[in-house]
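None of the figures in this text is laboratory data; all of them are computed from the coordinates on show. These numbers come from a predicted model, not from an experiment. When we count neighbours, we look across all protein chains shown, and the Cβ atoms used for this are built from the backbone with ideal geometry, even at glycine.
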Amino acid sequence: MPVQRAIVQHAYSVTTARRLGYYTVYKSLRVPKVTSSLLMLMARQTPIDMSLPGHDSPLHKIRLMRRKRWYRFRRLATRGLALALVLMLTVGGLLFSQSYLKLHKIFRGTTGTAAALKPNPNMLKGENQGQINILLLGRDGGNHKNPNLTNTIMLMSIDPINYRETLISLPSSLWVNVPNAGLMKLNAVWRTGELQYIGKQQGANSNDPSAVNAGFALVDQAASQILGVNIDYNALVNFQAFEQAVNTVGGITVSVPTNLVDPTMAWQNGNNPVLAQAGTEHFDGAQALAYAMSEETTSSFARDSRQRAVLTALEQKIETIGTLGNPLKVSSLINELGNNVQTDLSLRNASRLFGIIQHIPASSITQTDMATPPHQYFMTGNAVGQAIVLPSAGLFNYSAIHAYVQSLLKNPFILKENASVVVLNGTLINGLAAKTRSTLQTLGYDVMGIGNAPNSNWSHTTLIDMRPGKDVYTEQALEKLFGVNVSTKLPHNIATNNANFVIILGNNEAHSPQP
């Protein structure tokens, strides 16, 4: 009889879960399926409850047991979403279980929509533009010297059209000038925004969602200024969450390029100043965290590289051992993560984000720190008596950084159409075609060749579409880029090399900014 009742209880939970929209999560808990015919058979074999109604009724106890079981399921589902956010945003992949219990501690955003080409209320911010930008912040927390400084700052940009992901690290010691806040290191901006809100709002504290969002708003301003892109969402992770995740998967394996010696962190490593030796190292959570956070004897640039290495190792370990398919390990991971993760993503935002990121293969994830040659856009310096990082082009000069970020975050619609382009120089300006090719390739265009037009007296740039109506987005983008209207008539003696578009550069390019 207990077996029969258990089956009925599972069926009840499945039905309720399906009705409440949680059925996919319930399935992930690997509950045995129950066929309708078996349910009918069990129902016929279950004796009728002849007891009087009341708290002592067996039927009442069964209902209480079912309700308790359902609440337990929702509690587990909620914490699963907390874990999902930690792992999805720190390792570049996205697990999405469900959530309820700690939902309001973690997912504090509203539904969130974007001003889109074709309005869709279910879309994420930036999705219709083909670029969803999430700023990832990691803080030490706990008893560390500066628990609220965000010493890990990364942009995770998602291309939902071509299923690509780009991770860009920003130096935590970058000296920035924040509107309405002044000069400071980048790692202090989030905390400054939070404190500004707390100081203005009576009764507010660091656990106030509005204070957290105020911090997000201020750091978004700074990050947008540096990177030249909008920030759509934010996630703040206490490093205790990362340490827990590493321990739960049984540690991670990292390829260490050189010995890492840091006497200031020896107390966290059994009084051993050698945090890691060159070669292949297996780290537990504390060792991985120390390896990722050490900076005393190296640079912030080296630390950024180590952080990406340990996050990548964690992602690979999770995928290898199937951690997230094991409810026991998931339960262990998510036990206390709710207080260690804060974000302005809503539940629906996270669900949709999962639907996108789960299709991104590891080969389509790009990582960079913008401080390692040949892409070295930052250098060290000093300001107000402290060591800082500043752009190589000069303090607060982010133009080269913007261009590099744009080359990484290529236009997804252009990449999708992948229309080929030939660029011909119709002027006497030397190198004009080559310079234009470089610009177009940075934007994601497939430039299959350059050359000279049969004559060099073209007064204005001409754009020819060799297969009208096929590559609509590329056509519109090129029209806007060069300020011309497309033509479908190919001039005499112009070689196309079977390209989809032909661009003949005119003398007007000498008097106007290059695209």
- request: Using only C-alpha positions, report the orientation-averaged shadow area of the convex hull of the stretch 412-511, nm², one decimal.
  value: 5.6
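Which length gain, in nm to one decimal place, applies between ASN485 and LEU443 when the Cα-Cα distance is subtracted from 0.36 nm times their residue separation? If you can, show how the numbers build up before the last one.
On the way: separation 42, 0.36 × 42 = 15.12 nm, distance 1.97 nm.
That pair, ASN485 and LEU443, stretches by 13.1 nm at full extension.
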message: Along the Cα→Cβ direction, 7 angstrom out, place labels at ASN498 and SER407. What is the inter-label distance in nm?
response: 3.0
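Take the Cβ-Cβ distance between ASN207 and ASN180 as r, set R0 to 25 Å, and report the resulting FRET efficiency rounded to the nearest 0.05.
About 0.55, to the nearest 0.05.
Show me 278-287, 160-169 ranked by packing, highest mean number of other Cβ atoms within 10 Å first.
Numbers: 278-287: 15.4, 160-169: 20.2.
Going from most to least packed, we get 160-169, 278-287.
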- prompt: What is the stretch 375-443 by shape, rounded, prolate or oblate, if you read a ≥ b ≥ c off the alpha carbon gyration tensor as root eigenvalues and call it rounded for a/c under 1.5, prolate for a/b larger than b/c, and oblate otherwise?
  reply: oblate
query: Using a basic spin-label model with each label point 7 Å from the Cα along Cα→Cβ, how many nm lie between ALA400 and GLN225?
result: 2.0
query: Which stretch or stretches of the stretch 149-165 have amide N atoms under 17 Å from the point lying 7 Å from VAL384's Cα along the Cα→Cβ direction?
result: 149-150
message: Please list 3J(HN,Hα) in residue order for the stretch 149-159, calculated via the Karplus relation 6.51 cos²θ - 1.76 cosθ + 1.60 where θ = phi - 60°; whole Hz, with x for glycine and proline.
response: 7, 8, 7, 10, 9, 9, 9, 10, 9, 10, 9
task: Please report, in debye to the nearest 20, how large the charge dipole of the stretch 130-196 is about its Cα centre when each Lys and Arg carries +1 at its beta carbon and each Asp and Glu carries -1 there.
output: 200
- line: Checked against a 27 Å limit on the C-alpha separation, the offending pairs among LYS185/LYS480; LYS185/LYS317; LYS125/LYS410 are LYS185/LYS480; LYS185/LYS317
- request: Please give the contour-minus-distance gain from TYR163 to LEU428: 0.36 nm per residue of separation, less the Cα-Cα distance, rounded to one decimal in nm.
  value: 91.2 nm
